[in-house]
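Trainee: First, the structure itself, so that you have it in front of you.
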Amino acid sequence: MSILHTVNKSPFEKSSVGSCLAHALEGSSILFYEDAVYAVLKGASIEPLVAGFDGVKLYALGADLKARGITDDKMIDGIEIVDYAGFVDLSAEHDKVQAWV
Amino acid sequence: MKFSIQVNEGPYQHQATDSAYQFTKAALEKGHEIFRVFFYHDGVNNGTKLTTPPQDDRNIVNRWSELAEKHDLDMVVCVAAAQRRGIVDEGEMQRNGKDAENIAPGFRISGLGQLIEAAVQADRLVVFGD
């Protein structure tokens, strides 16, 4: 069973990003949106946890990245950018959506 | 596919109701069905018609009402959360002896059973909020 995990709070504000990363099983996906897009910043203290996360596909919402000035070159490699339509597609493609609020 | 949406955060608080709105809109544009939008906790504040944001700002409440009218959405406000926060419809006004109601068009007040039903009936429940 595949799960789409969604996280919306900054890893520097709440522990939900870390909790989600610790619980996501292989074959699941994680979407960072709202302030959680700060988790994809290269050079941030959380980078070692996020970068090279095997078996779990990582996504970030494009509009929220743009609103925070996080351009492609500032992002950890391998994270796919989606728009709201892509968010809907991910929700449909996975069996469940688990919000880490 | 059938989606249900849960909104736990008030308007203009952080970003959750904006995200929920954009997700709902995108899902409808893709031809998906929205079984219900359920407003819980501070999310019930999305359902007051008394908000007057500045003209150059998005009107979150009206935006929901317009989306509901266009797509015949079922937007439910949790009654217990609404009573605590002063979200009142005609029935609640009479039942609780209030002198006004403030429920925005397209919203209705009902119980938590509606959230359970929304989760059971829809293929996916997507939760937004704090």
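Trainee: Nearest 5 percent is fine: what portion of the DSSP beta bridges confined to the protein assembly as shown is antiparallel?
Mentor: Of those bridges, close to 5 percent are antiparallel.
Trainee: Over the alpha-carbon set of chain B, divide Rg by the Kirkwood Rh and report the Rg/Rh ratio to two decimals.
Mentor: That ratio is 0.95, to two decimals.
Trainee: OK, next. Residue by residue through region A:82-95, what is 3J(HN,Hα) from phi via Karplus (6.51 cos²θ - 1.76 cosθ + 1.60, θ = phi - 60°)? Round to whole Hz and write x for glycine and proline.
Mentor: Each residue of region A:82-95 in turn: 10, 9, 4, 4, x, 4, 4, 4, 4, 5, 6, 6, 8, 6 Hz.
Trainee: Which semi-axes, in whole Å and largest first, does the equivalent ellipsoid of region A:3-100 have when worked out from the alpha carbon gyration tensor as the square roots of 5 times its eigenvalues?
Mentor: Largest first, region A:3-100 gives 18, 15, 12 Å.
Trainee: Residue by residue through region B:29-45, what is 3J(HN,Hα) from phi via Karplus (6.51 cos²θ - 1.76 cosθ + 1.60, θ = phi - 60°)? Round to whole Hz and write x for glycine and proline.
Mentor: So the J values, rounded to whole Hz, are 5, 7, x, 6, 9, 9, 5, 6, 10, 10, 9, 10, 6, 5, x, 4, 5.
Trainee: In this model, which of A:K96/B:K25; A:K74/B:K70; A:K9/A:K57; A:K14/B:K49; A:K96/B:K49; B:K25/B:K49 are farther than 28 Å apart at the alpha-carbon?
Mentor: Checking Cα-Cα distances, A:K74/B:K70; A:K14/B:K49; A:K96/B:K49 exceed 28 Å.
Read the figures in this text as sums done on the coordinates, not as results from a lab. Not measured: the values here are computed from a predicted model.
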